[in-house]
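Have a look at the structure below before the remarks.
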Amino acid sequence: MLSSANILIINPDSEGRGRLREALRSVVAKGTYANARALKQALDQMRTEARYDFAFLSTEFDATQLMEFLGSVRSLSSKQRPVLMLCLKPGDQSSSLVANLYANGAQGFVLEPYSPDQLLESMNVAKEKLSDNAESKEVRITEFLMGDAMRLLDEVADWRSAGHLGGGASGKDLKRVGASLKEAAAKIEPAKFENLLIEKFGSAKTNKKGVEPPKVAKKIKEAPHPGIELRATMAKRQLSKEKLLSITKIDPAELDGILAEQVAISEVTAEELARAMGNTAKHWLQRQKAYDVYIKDKEEAAKKAAL
């Protein structure tokens with residue numbers, strides 16, 4: 001856990017800001033939080049005397065505006081520049097846009113649903129400036145570009161299998177991404193690039209009949225039971241179990257089970273927690289869903305290992 005941090009959350013969506021803020025509270029012991037709905041507002045706040053340790057930037061903004069924003073951030077003094085973390089929206093995990101954002105100043109990224117382990121690891125790596133290492137940064141850029149290249153290769157194959165010549169619009173994009181990928185790959189060790197190729201293409205999915213990718217073990221993404229976060233939040237706010245029961249309609253036995261990490265949070269309970277503790281019901285349900293998926297994956301992996 002980080003002892004303290006002054007954090008700026010840049011996101012046009014109020015619910016998105018709330019979800020991230022609640023997640024950060026589980027990994028930052030003493031955090032102060034500021035919000036910005038627009039990029040210009042965020043820049044104005046960075047220029048004030050309030051120095052931010054981290055700024056979490058949503059990729060919901062327009063791509064051109066994001067690039068211009070990063071250019072403006074680079075022009076700030078070193079004291080005004082926070083460690084810049086990208087909050088990736090769905091579909092951005094393999095994106096040349098993200099590669100360009102990395103190349104122009106972003107230092108880390110996080111994905112929803114936010115898990116404490118993922119947040120803490122990403123923030124620590126960025127804070128220690130490991131991502132500022134030239135080769136480390138090019139490796140990350142290369143990973144994102146590979147994701148786009150694989151998608152475009154599949155689209156070109158579909159285009160040609162339908163009887164068209166050339167590669168269509170996807171072929172043009174593939175040339176652009178390929179040139180960027182070649183430039184990034186030239187800056188890292190050949191052995192590392194080869195390992196990236198094996199990892200990316202070995203785990204790739206395909207919709208082509210008769211073509212099966214090599215089977216690789218599924219990496220289980222750990223997610224804690226939401227009861228852990230509930231206990232921590234109650235302790236932080238000095239909220240006893242008895243007090244929480246007195247201001248909600250939660251069954252005492254159910255609350256005991258949740259705090260003991262043995263009972264799932266239902267929709268009704270999530271609504272009660274949201275009303276009593278100030279965050280959203282969706283937040284608690286997302287935590288429960290992530291934990292359920294984690295347990296299911298663990299059980300399936302154990303069954304396969306037993307065969």
Would you mind pulling out the separation of the Cα centroids of region 282-305 and region 17-42, in Å? 27 Å
Enumerate the residues in region 20-44 having an amide nitrogen under 15 Å from the point lying 7 Å beyond the Cα of residue 51 toward its Cβ. none
Would you pull out the residues with amide H under 5 Å of residue 83's amide H, same chain only if 5 or more places away, H placed 1.01 Å from N? 54, 55
Rounded to one decimal in nm, the spacing of the 7 Å Cα→Cβ label points at residue 62 and residue 282 is 2.4 nm
Pairing the Cα long axis of helix 190-202 with the longest principal axis of the chain, what angle in degrees results, from 0 to 90 and rounded to the nearest 10? 70 degrees
Under 1.5 on a/c is rounded, so check that first for region 2-130, then, if it is not, pick prolate when a/b is larger than b/c and oblate when it is not; a ≥ b ≥ c are the square roots of the alpha carbon gyration tensor eigenvalues. rounded
How much FRET efficiency would the formula 1/(1 + (r/R0)^6) give for residue 256 and residue 297, where r is the Cβ-Cβ distance and R0 is 25 Å, rounded to 0.05? 0.40
Compute the acute angle (0 to 90°) between the alpha-carbon long axis of helix 226-236 and the principal axis of greatest extent of the alpha-carbon atoms of the chain; round to the nearest 10°. 60 degrees
Per-residue HN-Hα couplings for region 162-167 [Karplus 6.51, -1.76, 1.60; θ = phi - 60°; Hz; x = Gly/Pro]: 7, x, 7, 8, x, x
Run the simple label-point estimate for residue 179 and residue 121 please: 7 Å along Cα→C-beta, distance reported in nm. 3.6 nm
Checked the chain against the a/c 1.5 cut and the a/b vs b/c comparison, axes a ≥ b ≥ c from its Cα gyration tensor; verdict oblate
Helix 116-127 against the longest principal axis of the chain: what's the angle in degrees, Cα atoms only, rounded to the nearest 10? 60 degrees
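We did not get these values from a lab; they are worked out from the coordinates using the rules stated. Worth saying up front: this structure is predicted, and the values here are computed from it rather than measured. Positions of Cβ are generated from backbone atoms using ideal geometry, with glycine treated the same way; all protein chains shown enter the neighbour counts.
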